[in-house]
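Below you'll find the structure, written out as structure tokens, and then a few comments.
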Amino acid sequence: MENTLSQPKLKNVLFLPILYVVWSDRTLSNQERETIKGFLNTIDWIDEEEREFVSSKLDPESPPSRVEMEDWYFTVQKGVQDGKTFESLSAMGVHLFKSQEEVEEVENLSRIQGQLEKLEKELGIIGQSAIYLFKSEHPTITTTHTTKKDFDIGALALFLNGGQDKIIERVKKIITKPSFAYTDPSDLQAYRNQVLEWCKVIANEGLGKIGYPKEVGGDGDMEAYFSVMETLSYHDLSMVIKFGVQFGLWGMSIYSLGTSKHHQKYLPKIGSLELPGCFAMTETNHGSNVKGIETTATYNHKEETFIIHTPHEKARKEYIGNAALHGRMATVFAKLVIDEKDYGVSAFVVPLRDESDKLMPGVSIEDCGRKMGLNGVDNGLISFDQVVIPKEEMLDRFSSVNEKGEFESPIASDNRRFFTMLGTLVGGRIGIPRSALSASKSGLTITIKYSDQRRQFGPEGGEEVPILNYRMHQRRLMPWLAKTYAGHFAMQFMTQRFMQRKEEEMQEIEAMAAGLKAYVTWNTTGLLQECREACGGKGYLSENRIDALKNDTDIYTTFEGDNTVLMQLVGKSRLSAYREQFENMNLFTIINYVASKTKTSITEKNPLIVRNVDEGHLLDPEFHLNAFEYRERAILDAAAKRLRRLIGEGMDPFDAFNVCQHHLVSVGSSYIERIVLEQFIVKVKEAEESSFGPILKKLCELFALYSIEENKGWYLEQGYLEGVKTKAIRKTINQLCWEIRKDAVPLVEAFGIPDSCIAAPIVSGK
């Protein structure tokens, strides 16, 4: 018979629980092997034969056999099923040793246990999580681990609504009407017309004008507007984008860039959808580079008119929503030219069609045709051939032409005027990620509910098991669930910052909105792909809606700004704030700043901290936030030093930023991730006394640790973490996924998505 660690009378049994756990994933790293070997060489309470025997079980090329692993497991399990509570694997090992028959008395057993517990920490073993492996009462993969409802789902739903309950319920009542039943998107013309009809119903309910000022018939409630857009996104996303183009981009550009005369003339008709319109900014040659657009608006002082003109084919307005069929007017961004001088980008109201939908003279529109998604939106290319409009159709809040035919602006700086003008449109970068979150919630609801119902494989002779009980399935879905909750709270915070904005905060708010738009929509793209795969072939069927969610949100990563470009802009904004911080410092404060940074680094890189694997420490929000803040500061410092060096060596600033583009994206991402975590922690504290407080805390812990794990390469490079700690983090993540699993269905039910909007047979069981 093979000599095993469970052989009686050997002190090797003390190691049995630890060795089983380190081999439980069937791999043993070099660091783990060296840690155990080093430990064996320092202890004096085993003889040479015992030492060599344990060492023989540390060969990564020759792992224990399945039979031997089973023998270890059942030996430990049998030895600990006497009701005793253990705080560590070492305590279990000592208990096993003492329970053996004819065991010799060993002196200083408490000292031995203490040394073994130190070894556990060095190996990154999470005591309680590991102990559960051997407990018979610990839920197994079988049907004993099922969905429970341990908290008030309705209370969590209200918490998620953030005080917007009434408007959310009002929108849900609309989109669950029989007239909002899904239509076949394969008939392009019929689908586009259906989307327009849905938007008319929404407008008739007064929701189109909800964000417009009261003096033009609106409610003056932009927070409600965002809630409407987010809730509509549980239904058809083409409808949502049509809604956003009409009432958001088209209407809000009139409100934000125009003055009272434009508001009175246009907003009531826009809000009722009597006047469908477009937002014509993007050009073929200049997608993200708005400053470089080539459409011109040449002023004719004698006639007091502007001539809108597209100089060549590549200067056409491209991908303009509402243009191909329905738009009658557009906010057109063009370079203002007066007496042959270019005064930069301004905005103008330009007619596209008359009331009978006939194109106006000089206007040409080409249908973009079928797209990857959002085919209910009629996108078009627009070109202008010497189109004449009256002077008063210039949106003149930030730039105008006076009675003498001279350019005027309340903002002297061309650069500042340009960015102020674009900054008024930041609302679009709030609406899109909130819509993306709704798509994420829909995908998760379909996938998690299906995974809870779908059974496959199981113990020999036993029942098949819900696939949500499989550890890998939990690992695939639970972090995305945590990220979605995190994104939800972050966007609520972003909305409030926007609603309460002050002029001096606008640069920070614009950067935050740009970064969150990128962060949330990238997450949606990744999440929906995981949902599709997690549902197997059923997820590939159109009837189960994941394909529509994937295809319709794919464009979210590039409209309202390409995500990569937006993150670079966030990075530049952070560098500007960093530079200003130092410009406002005197020598004394600079010295204090450097000293505090040095002190922080010494504290956080203390060997006791970088190797600390205590469960309490790993789940501590202070550790999480410190790690996020450290990464943000370090990346920002490194980027600033790198740019300063390159420019100092004579490199052109444009080229220097080009060299550092990847670094700038990291600057932006680390900043946004810290913001998201901060807001999640705030919400967890708010919910401490609620029934859902504990599960919200677990989600926050999972979000933080999973983000650290995603960036573990960076943390290891920086010496902020060691391998023993990253391994402990991985195991803690696995445990959190396991614990959150039973609450996963209630957590998606708290999103409150109407069944008629989910409409997936794999969830309804049809």
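Using 0.36 nm per residue of separation minus the Cα-Cα distance, give me the extension gain between residue 658 and residue 214 in nm, one decimal. Present the calculation step by step, with values, prior to reporting the outcome.
On the way: separation 444, 0.36 × 444 = 159.84 nm, distance 4.62 nm.
Result: 155.2 nm gained on full extension.
Are there trypsin sites (Lys or Arg not before Pro) in the stretch 454-520 that DSSP puts in a loop and that have at most 15 other Cβ atoms within 10 Å, and which ones? Intermediate values should be presented prior to the final figure.
Details: sites: 454, 455, 471, 475, 476, 483, 497, 501, 502, 517; in loops: 454, 501, 502.
Here the sparse-neighbourhood loop sites are 501, 502.
Quote the FRET efficiency, to the nearest 0.05, computed for residue 456 versus residue 304 with a Förster distance R0 of 60 Å and r equal to the Cβ-Cβ distance. Don't skip to the answer; put the middle values down first.
Details: r = 74 Å, r/R0 = 1.23.
Once rounded, the FRET efficiency stands at 0.25.
Short version: ³J(HN,Hα) in whole Hz for each residue of the stretch 386-393, in order, from phi by Karplus 6.51 cos²θ - 1.76 cosθ + 1.60 (θ = phi - 60°), x for Gly and Pro, what are they?
Those phi angles translate into 6, 7, 9, 10, x, 4, 5, 8 Hz.
Rounded if a/c is under 1.5, else prolate if a/b beats b/c, else oblate: with a ≥ b ≥ c from the C-alpha gyration tensor eigenvalues square-rooted, which is the stretch 189-327? Before the final figure, lay out the partial values.
Working: a/c = 2.08, a/b = 1.38, b/c = 1.50.
Oblate, since a/c reaches 1.5 and b/c is not below a/b.
I need the helices of the chain that pass two filters: whole DSSP H segments spanning 18 Å or more by Cα along the axis, and mean Kyte-Doolittle score no lower than -1.0. List each step's numbers first, then the result.
Working: long enough: 66-80 (21 Å, -0.56); 109-123 (21 Å, -0.75); 188-204 (24 Å, -0.09); 428-453 (38 Å, -0.16); 471-499 (42 Å, -0.47); 506-534 (41 Å, -0.09); 563-583 (30 Å, -0.39); 587-604 (26 Å, 0.31); 621-648 (40 Å, -0.41); 661-686 (38 Å, 0.18); 693-710 (25 Å, 0.49); 723-741 (27 Å, -0.43).
Long hydrophobic helices here: 66-80, 109-123, 188-204, 428-453, 471-499, 506-534, 563-583, 587-604, 621-648, 661-686, 693-710, 723-741.
May I ask which residue of 377, 123, 151 lies farthest towards the positive end of the charge dipole of the chain, with charges of +1 (Lys, Arg) and -1 (Asp, Glu) on Cβ and the Cα centre as origin?
Of the candidates, 377 comes out farthest on the positive side.
Would the stretch 245-338 count as rounded, prolate or oblate if I go by the C-alpha gyration tensor, calling it rounded below 1.5 in a/c and otherwise prolate when a/b exceeds b/c, oblate otherwise?
Verdict is oblate for the stretch 245-338.
Classify the stretch 242-398 as rounded, prolate or oblate from the Cα gyration tensor: take a ≥ b ≥ c as the square roots of its eigenvalues, call it rounded if a/c is under 1.5, otherwise prolate when a/b beats b/c and oblate if not. Before the final figure, lay out each step's value.
Working: a/c = 1.56, a/b = 1.19, b/c = 1.32.
Oblate.
For the stretch 174-216, state which GluC sites (Glu not before Pro) are in a DSSP loop and have at most 15 other beta carbons lying within 10 Å of their beta carbon.
Values: sites: 197, 205, 215; in loops: 205.
Here the sparse-neighbourhood loop sites are 205.
Just in the stretch 285-380: which GluC sites (Glu not before Pro) are loop by DSSP and have at most 11 other Cβ atoms within 10 Å?
Numbers: sites: 294, 303, 304, 313, 318, 340, 355, 366; in loops: 294, 303, 304, 340, 355.
Here the GluC sites (Glu not before Pro) that fit, given the DSSP loop and packing criteria, are 303, 340, 355.
Kindly provide the helix-only [θ] at 222 nm of the chain, computed as the sum of -39,500 (n - 2.57) over DSSP H runs of four or more divided by all residues, to the nearest 500 deg cm²/dmol? Don't jump to the answer; show the numbers that get you there.
Values: 33 runs with 420 residues, N = 766.
Computed mean residue ellipticity for the chain: -17500 deg cm²/dmol.
So which of 371/712; 214/242; 449/698; 166/538 end up more than 27 Å apart by C-alpha?
Long pairs (Cα-Cα over 27 Å): 371/712; 166/538.
Which whole number in µm²/s is D for the chain by Stokes-Einstein, with the Kirkwood Rh taken over Cα pairs at 4 °C and 1.567 mPa s?
Values: Rh = 29.4 Å.
Translational diffusion coefficient: 44 µm²/s.
Keeping all protein chains in position, work out how much accessible area residue 222 exposes to a 1.4 Å probe, and write it in Å² to the nearest 10.
The value for residue 222 is about 30 Å².
Could you pull the accessible area for residue 339 with a 1.4 Å probe, rounded to 10 Å²?
Near enough 140 Å² of accessible area.
Using only the heavy atoms of the protein chains and a 1.4 Å probe, how would 442, 55 rank by accessible area, largest first?
Working: 442 0, 55 40 Å².
Order by accessible area, largest first: 55, 442.
For residue 176 and residue 284 in one chain, what is 0.36 nm times their gap in residues minus the Cα-Cα distance, to one decimal in nm? Numbers along the way, then the final one.
Details: separation 108, 0.36 × 108 = 38.88 nm, distance 3.88 nm.
Working it through step by step, the gained length comes to 35.0 nm.
If I model a spin label as a point 7 Å beyond the Cα along the Cα-Cβ vector, how far apart are those points for residue 682 and residue 649 in nm?
4.1
Towards the positive end of the charge dipole of the chain, with charges on Cβ (+1 Lys, Arg; -1 Asp, Glu), say which of 195, 693, 284 has the farthest Cα.
195
Starting from the amide H of residue 323, placed 1.01 Å from N in the peptide plane, find each other amide H under 5 Å away whose residue is 5 or more places distant or on another chain.
Answer set, sorted by chain and number: 380.
Enter the Cα centre distance for the pair the stretch 642-671 and the stretch 511-561, rounded to the nearest angstrom.
Cα centres, the stretch 642-671 to the stretch 511-561: 31 Å.
In nanometres, what is the gap between the two model label sites at residue 690 and residue 52, each 7 Å from Cα along Cα-to-Cβ?
So the label points at residue 690 and residue 52 sit 6.3 nm apart.
What do you reckon, how do 92, 329 stack up by accessible area (1.4 Å probe), largest on top? Numbers along the way, then the final one.
Details: 92 0, 329 30 Å².
The ordering from most to least exposed comes out as 329, 92.
Near the amide H of residue 330, under 5 Å away, which other amide H atoms are found, from residues 5 or more places off or on another chain, if H is placed in the peptide plane?
Distant-sequence amide H within range of residue 330: 278, 350, 352.
Between the stretch 722-760 and the stretch 240-260, what is the separation of their alpha carbon centroids in Å?
38
Starting from the Cα of residue 413, step 7 Å toward the Cβ, then list every residue of the stretch 341-358 with an amide N under 18 Å from that point.
344-345
The values are calculated or read from the model by the stated rules, or taken from the named source; none is laboratory data. Only a predicted model underlies this, so the values are computations on that prediction, with no experimental measurement involved. Positions of Cβ are backbone-derived with ideal geometry, glycine not excepted, and every protein chain shown enters the neighbour counts. Ligands, DNA and RNA are stripped out before the accessible areas are found, and what is left, the full protein with its side chains, is counted by its heavy atoms. Shrake-Rupley method; radii C 1.70, N 1.55, O 1.52, S 1.80 Å.
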